[in-house]
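Encoded as structure tokens, the structure appears first; notes follow it.
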Protein chains: 2
Amino acid sequence: MKIIELHESVTASNDRDADTLREEMRRKGTLLINLMSSPGSGKTTLLSRTIRDLSGNARGFAGNRAAEDGLKTAVLEADIDSDVDARQIDRLGAKAIQVHTDGMCHMDAGMTASGLDEMGYEGIDLAFLENVGNLICPAEFDTGAGRNVMILSVPEGDDKPLKYPLMFQSSDALVISKIDALPYFDFDMDACVRRVKALHPAIRIFPVSAKTGEGMEAWEEWLRSALCDWRSES
Amino acid sequence: MKIIELHESVTASNDRDADTLREEMRRKGTLLINLMSSPGSGKTTLLSRTIRDLSGNARGFAGNRAAEDGLKTAVLEADIDSDVDARQIDRLGAKAIQVHTDGMCHMDAGMTASGLDEMGYEGIDLAFLENVGNLICPAEFDTGAGRNVMILSVPEGDDKPLKYPLMFQSSDALVISKIDALPYFDFDMDACVRRVKALHPAIRIFPVSAKTGEGMEAWEEWLRSALCDWRSES
């Protein structure tokens, strides 16, 4: 497993770097999804199942259908330390690279571009950036991604929109993960959705369980249509 | 509920500010516990039960015993936004104040001192700082607390020591919370403890459930003895 050590970008304008990266990815037809969440929200488990499903191997007919309909995916795993997540993705056969952020609590556009260059993404349909586990700082830095997605897991509680509003406002979609754990936690789904919509009325919300598969189809359909939109946007 | 808006301290040396605050608190006999964790690890629930138990109201004899043995506690709730946690603590009758960090992802010593001054802590035995929910940045800033405590909840996973080593290295004690959820998650307690001890051999580890009460006694005993040590340290 290749590990890339990154350092904070020294360029003046992160926003300009982000726009440059976004335009380059649009030319190449790759949609970058920036996944943000707390530590332990189940990003890697969600991603593993999503990649397996989107690559066409999910329903047991891996042959022609995979070649025909399957999407090519890649993952940039950003962490302060370790490479456990990248190894898990690697075992799925998806392109994966681990980047270390030199202690930094978020990824910026320059770091993202370096990681993507190092990995290479020619022919990739969907690239996922698994941002550093943190509900605060990543929301403040445009990474150059085409879409921002936040993951909130049921055990974290339904009050998170009240405490971390910017993260919900910065995201195009919210995945509410680990819904199989709903019976064991006091999580009020209606209250959570209401609080999120009050912050960001247009956000798409997908309650899912990567364990049981519940809700995965709607989330994956959204990814497919986001890719289609991305390629047709001017 | 009083809400204090704080801004990043402008003094040159956070470490010096931290030492100054620590010495002042030692003179007044108050031990400040800095509680750090991910968002949604159950800090407020743990704190609510801990305060109730330590104040002497836990076992149903709130009369003389409370006056005799009970500890006086106070809580400084630090969040980007909202005051839901401070309201919950307030309802317990403990002294509580909500501070907002102006978007900052951590508390520094100057901010902590301002919050404590605003709240007042004369006669308080244990003051808890509920730091911003974040496993990265708070570990890098000395708040002036006498003890650092990290909370890791079972749903977050046993791999967190691999990904956020500094947080475990900076903490005197680790509370592993929500152990009532162990049957529903793949959390290897032995592996977690082994990983934590590899980073920090002297750390004290307390697996607890604030819901069922399991393990709370050992954690609370540690707090009582930390207070005693704090007052006898020179």
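Some points to look at:
- Of all residues in segment A:134-187, exactly one satisfies the criterion of being of a type in the set (V, I, T), assigned to a loop (DSSP other than H, G, I, E, B) and at the interface with chain B (Cβ under 10 Å from one of its Cβ atoms), namely A:I136.
- For segment B:204-218, the condition holds for no residue, the condition being that it is part of a helix (DSSP H, G or I) and polar (S, T, N, Q).
- Only one of the numbered conditions (1) open to solvent by 20 Å² or more (accessible area, probe 1.4 Å); (2) in contact with a Leu (Cβ under 9 Å, 6 or more places away or on another chain) is violated by B:T101, and that is (1).
- Residue-level check: of (1) open to solvent by 10 Å² or more (accessible area, probe 1.4 Å); (2) out of contact with any helix residue (DSSP H, G or I) (no Cβ under 9 Å at 6 or more places or on another chain); (3) not small (G, A, S), A:M111 misses just (1).
- Taking residues in segment A:72-89 that are within 11 Å of chain B (Cβ to nearest Cβ), and partners anywhere that are basic (K, R), the pairs with Cβ atoms closer than 7 Å and at least 6 places apart or on different chains are A:D79/B:K163; A:I80/B:K163; A:D81/B:K163; A:S82/B:K163.
- Top-ranked residue in segment A:90-133 [being β-branched (V, I, T) and assigned to a loop (DSSP other than H, G, I, E, B); ranked as farthest from the other protein chains (Cβ to nearest Cβ)]: A:I124
- Qualifying positions in segment B:184-193 - open to solvent by 80 Å² or more (accessible area, probe 1.4 Å) and either in contact (Cβ under 8 Å) with a residue 40 or more places away in the chain or of a type outside the set (D, E, K, R) (or both): B:Y184
Matching residues to (1) open to solvent by 40 Å² or more (accessible area, probe 1.4 Å); (2) under 19 Å from the mean Cα position of the chain (by Cα):
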site: B:D159; (1), (2): no, no
site: B:L162; (1), (2): yes, no
site: B:M167; (1), (2): no, yes
site: B:A173; (1), (2): no, yes
site: B:S177; (1), (2): no, yes
site: B:L182; (1), (2): yes, no
site: B:R195; (1), (2): yes, no
site: B:P207; (1), (2): yes, yes
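- Check on B:E24, in a helix (DSSP H, G or I) and either small (G, A, S) or modelled with pLDDT of 75 or more (or both): yes
- Selection count, segment B:209-232, where residues are out of contact with any Asp or Glu (no Cβ under 7 Å at 6 or more places or on another chain) and open to solvent by less than 50 Å² (accessible area, probe 1.4 Å): 8
The values are calculated or read from the model by the stated rules, or taken from the named source; none is laboratory data. Only a predicted model underlies this, so the values are computations on that prediction, with no experimental measurement involved. For neighbour counting, all protein chains shown are included, and Cβ atoms are generated from backbone atoms with ideal geometry for every residue, glycine included. Ligands, DNA and RNA are stripped out before the accessible areas are found, and what is left, the full protein with its side chains, is counted by its heavy atoms. Shrake-Rupley method; radii C 1.70, N 1.55, O 1.52, S 1.80 Å.
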